[in-house]
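Note sheet for the following structure.
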Amino acid sequence: MFHFLQKLREKFIIFFNKIKDAMNTIGNALKKRFPFLGLKKKGLEDHDKMLVANLARHRWPKFKQIKYLPRVLTLKEWTTAKIVLLVLVGGLLGILVSGFFLITKSTPAVGGTYTEGLTGAPKFINPLYTSLNEVDADLASLVYAGLVRIDENHQIVPDLAESWVVSENQKEYTFILRPNLKWHDGESIVADDVVFTVETIQDSEFKSPLLENFSGVKVEAVDDRTIKFTLPNSFTPFLENLTMGILPAHLWQEVVPANVLLADYNLKPVGAGPYKFKSLTKDKLGNIKAYTLERNKDYLPQPPYVKEITFKFYPDLEAAAAALKNHTVEGISFLPASLKEQIGERQDLNLNVLSLPQYTAVFFNQKASTALKDLKVRQALAYGINKTDIVAQALENNAEVIEAPILAGFVGYSKDVTKYNYDVNKAKELLEAAGWKYEIKKEGDKEVTSQWRKKNKEDLSLVLTTVNRAENFKAATMIQKFWREIGVNTELRVVEAAQIQNNVIRSRDFQVLLYGEILGIDPDPYPFWHSSAADENGLNLANFSNKEADRILEEARQITDVKQRHDKYVRFQNILAAEVPAIFLYTPKYIYPLADKIKGFDTTIISLPQNRFANVVNWYVRTKRVIK
């Protein structure tokens, strides 16, 4: 501050010296035209001048007399006077502006809008069901608030709760809500809302995918601001479960399970998050085309700056990328590497490359194919895939090859797990050993080898299902080629993203599935590989069941010692490698394009796609200046 004042003083001294010089110049010019100016009455020899001086009440012209200066001054003198005046005014403004910027700083201001393109459409913007639909999860992350949230640094931090305490045995979690919390409709948020939400999840009639997260958990309201959870066993990742949004009991408590998916609040939700529902737009067929949220000025600890966020919905990523290219939207939820060139003309975009704990794998459904029940066949299929080529060609090197479900940087990651490196000869040997051989027939004098391997006169044939996305389709096409080269007749089945959950995954209606799974903030493989997560609504896509693996997963999630937990996860991954219920291919990089008008985005790692909004309250479009 001292240096600033010193600089300002120097500027004013220079400025006033310029004023002094300018006034002298103008004064000398005026004296030539009015000789009496500046004369003292005493000692005057020119009586005419004395008379004029005595009659003049002012030694300088009044403001209204200045307009006559052009008549009195010569053209050169008047031009000089104008230049001096402009310099004086410009200098004064320069000092004022310079001083303003020296003593103030630019900060975010409330205002502005943002429009993002999403693939799919909203169905149930309800925390109990958002895991079934990425669009719902995106919107719910802005509308609802949990007891805790995952911030831009990938850490669990307070949200509705201002603090919490964990007991020594890791079985009791006590949370204190922030004071004066409000729902979007103005009603107060109390501990009973948290109890209601958890007990609704625990009611099997509501069929929430979150049921397993709270199995055996007791929840109670100690008072209006205090909630206590009691776990049947210690569970290290439990805090992550509490990032799920809390429902307002006063609006949902009368809704019966049979009607929960029909309630208006699924599309016009009332939550406590940083943004609240404003409007939605439908076409003539009833399809939602746009969805607008407005800032919640009561959100704690800090309301967002951007006034409105509008989402527009597209059938696939190609259509969303086209909308981004045409300036219809200012960002899209995810940009595949294969579409980067398509939006290359927009120079106002920041392509944020985020780290996302996600892997893409080939999952085997042994119930749907007799051939897949044979371990040798599954091993052969693993040896028959060139993962490096898939990453290079299908993903343009925007991914990393993996061998197991626990990724680098997480507890349990190991480079020493069993690998299935690309080996065509090994794949062929295993298929031969499993009894799948080429059939040789004589057609006249020639011997003709069958195109596909056969066993008991049946072709070795598989259907590979994947989601209709450019990268998945390219990868699936390459896998089809690799497997056909070792004698496996492979057909492709491509399903739209909006349909794959209900039509394929829930019912396990596939033989082989190429799909990606997102792991979350904690590496706990339990939800994806424990036998309890098999079949409908579970995330165990291969319906994998192994008693030893189950035991390891159950024990590992109760251990707080990192080394012990790591060792158990390594053992678990080697069991997976031995059984080959899936082939782990790659972990992709998550590209989030965002218009550069949005400032304040500084997220680098996310645990779920919706976590790209982790620091949305810090995003801003407009700025203002405040005193430093």
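Structure notes:
- Asp535 vs. criteria at pLDDT 90 or above, closer than 24 Å to Asp136 by Cα, charged (D, E, K, R) and outside any strand (DSSP E or B): no
- Applying the criterion of being under 31 Å from the mean Cα position of the chain (by Cα), polar (S, T, N, Q) and assigned to a loop (DSSP other than H, G, I, E, B) to the residues of the range 229-265, the residue that is surrounded by the fewest Cβ atoms within 10 Å (Cβ to Cβ) is Ser234.
- Tabulated pairs, the range 203-219, first among the hydroxyl-bearing types (Ser, Thr, Tyr), second crowded, with 17+ Cβ neighbours inside 10 Å, C-beta under 7 angstrom, 6+ apart or interchain: Ser208/Leu128; Ser208/Tyr129; Ser208/Ile201
- Out of Lys307, Lys282, Lys325, Lys297, sole residue that is more than 30 Å from Glu554 (Cα to Cα), exposed (fewer than 14 other Cβ atoms within 10 Å of the Cβ) and either in contact with a Lys or Arg (Cβ under 7 Å, 6 or more places away or on another chain) or of a type in the set (Gly, Ala, Ser) (or both): Lys282
- Residue that is farthest from Asn611 (Cα to Cα), among those in the range 322-350 that are in contact with a helix residue (DSSP H, G or I) (Cβ under 9 Å, 6 or more places away or on another chain), without any contact (Cβ under 8 Å) to a residue 40 or more places away in the chain and of a type outside the set (Lys, Arg): Glu345
- Check on Phe410, within 25 Å of the chain's Cα centre (by Cα), within 20 Å of Leu576 (Cβ to Cβ) and hydrophobic (A, V, I, L, M, F, W, C): yes
- So Asn543, is it touching a strand residue (DSSP E or B) at 6+ places or on another chain (Cβ under 6 Å), in contact (Cβ under 8 Å) with a residue 40 or more places away in the chain and buried (at least 18 other Cβ atoms within 10 Å of the Cβ): no
- Any hit, the range 547-562, residues being out of contact with any His (no Cβ under 6 Å at 6 or more places or on another chain), surrounded by 17 or more Cβ atoms within 10 Å (Cβ to Cβ), closer than 22 Å to Ile500 by Cβ and modelled with pLDDT of 90 or more: no
Every residue, every condition in (1) touching a residue at least 12 places away in the same chain (Cβ under 8 Å); (2) at negative phi; (3) among the hydrophobic types (A, V, I, L, M, F, W, C), yes or no:
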{"position": "Arg508", "(1), (2), (3)": "yes, no, no"}
{"position": "Val512", "(1), (2), (3)": "yes, yes, yes"}
{"position": "Ser531", "(1), (2), (3)": "yes, yes, no"}
{"position": "Arg557", "(1), (2), (3)": "yes, yes, no"}
{"position": "Val562", "(1), (2), (3)": "yes, yes, yes"}
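- Elements of type strands (runs of 3 or more DSSP E) contained in the range 101-212, each with 2 or more residues being closer than 15 Å to Gly271 by Cα and not assigned by TED's automatic domain parsing to the domain that holds Asn468: 148-150
- Count of the range 499-514 residues, restricted to those that are closer than 25 Å to Thr243 by Cα and surrounded by 18 or more Cβ atoms within 10 Å (Cβ to Cβ), is 1.
- Residue count for the range 413-422, restricted to those that are touching a helix residue (DSSP H, G or I) at 6+ places or on another chain (Cβ under 6 Å) and more than 10 Å from Ala577 (Cβ to Cβ): 1
The values are calculated or read from the model by the stated rules, or taken from the named source; none is laboratory data. Keep in mind it's a predicted model, so treat the numbers as computed, not measured. Cβ atoms come from the backbone with ideal geometry, glycine included; neighbour counts cover every protein chain shown.
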